[in-house]
1. Tally up the carbon and sulfur contribution to the accessible surface of the stretch 75-165 as a whole percent, 1.4 Å probe, everything protein left in place.
2. Quick query: amide H of TRP165 versus all other amide H atoms, modeled in the peptide plane; which residues come in under 5 Å with a sequence gap of 5 or more or a different chain?
3. Whole-Hz ³J(HN,Hα) for each residue in the stretch 117-134, computed from phi via Karplus 6.51 cos²θ - 1.76 cosθ + 1.60 with θ = phi - 60°, x for glycine and proline: what do you get?
4. What list of whole percents do you get for P(r) of the stretch 122-174, with Cα-Cα distances grouped in 5 Å bins up to the one holding the largest distance?
5. Do the alpha carbons of any pairs in LYS145/LYS174; LYS34/LYS68; LYS34/LYS92; LYS34/LYS72; LYS68/LYS100; LYS145/LYS173 sit beyond 27 Å of each other, and which pairs?
6. Quick one: accessible area per residue over the stretch 23-137, 1.4 Å probe, rounded to a whole number of Å²?
Amino acid sequence: MIRKRMLATRAFRLVGKRALSTSVCLRGGHGVAKVEDYSLPAYFDRRENPLPEIKYVQELSAEQRSLKEKEKGSWITLSNDEKVALYRISFKESFAEMDKGTGEWKSVLAGILFFIGFTGFVVLWQRKYVYGDVPYTFDPEYKQKELQRMLDMRINPVQGISAKWDYENNAWKK
């Protein structure tokens, strides 16, 4: 009995610690999630704002640091590759790369067409397996008999269908 009580006490203690640990910190799928600080400036490539608040590369490598030192001198001594590397430190994309299409419209269009096709198959399946035959009341012969019965009963003689029928000549009024 004492052993069972000790196991229950340890279990409740572990459950309590687990509840406290999950309520204190935000947990993601693989551990504690990092909370972003949105009060700090962020980097965005946008045509409306060609000069972002911060540089694209924050932590410079040794090669990039030496290139930044070389940048302080004459730009004539820099090669085109070095100039491009300096540009890539400050910016992720050029204006031409920002304007280049992503091709995302193709996947969106494919998704739309897929769901339209799937809906078509559902409708065809429903017509074959869910709905029954078309009722006999839609047959042209039945419609003709129904019209004749309405005329014989003189339904709605003031403004309706009987008012438009000439009973003496058995034809529609002109």
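1. Looking at the stretch 75-165 in its full context, I get 63 percent from C and S.
2. LYS173
3. x, 4, 5, x, 5, 5, 5, 5, 4, 5, 5, 7, 10, 9, 7, x, 5, 5
4. Going out from 0 Å in 5 Å bins, the stretch 122-174 shows 4, 17, 18, 15, 11, 9, 6, 8, 9, 3, 0 percent.
5. Values: LYS145/LYS174 22 Å; LYS34/LYS68 31 Å; LYS34/LYS92 24 Å; LYS34/LYS72 37 Å; LYS68/LYS100 29 Å; LYS145/LYS173 20 Å.
Beyond 27 Å: LYS34/LYS68; LYS34/LYS72; LYS68/LYS100.
6. Values: 10090 Å² over 115 residues.
In whole numbers, the stretch 23-137 has 88 Å² accessible per residue.
The values are calculated or read from the model by the stated rules, or taken from the named source; none is laboratory data. These numbers were taken from a predicted model, which means no experiment stands behind them. The accessibility values were calculated without ligands, DNA or RNA, using every heavy atom of the protein model including side chains. Shrake-Rupley method; radii C 1.70, N 1.55, O 1.52, S 1.80 Å.
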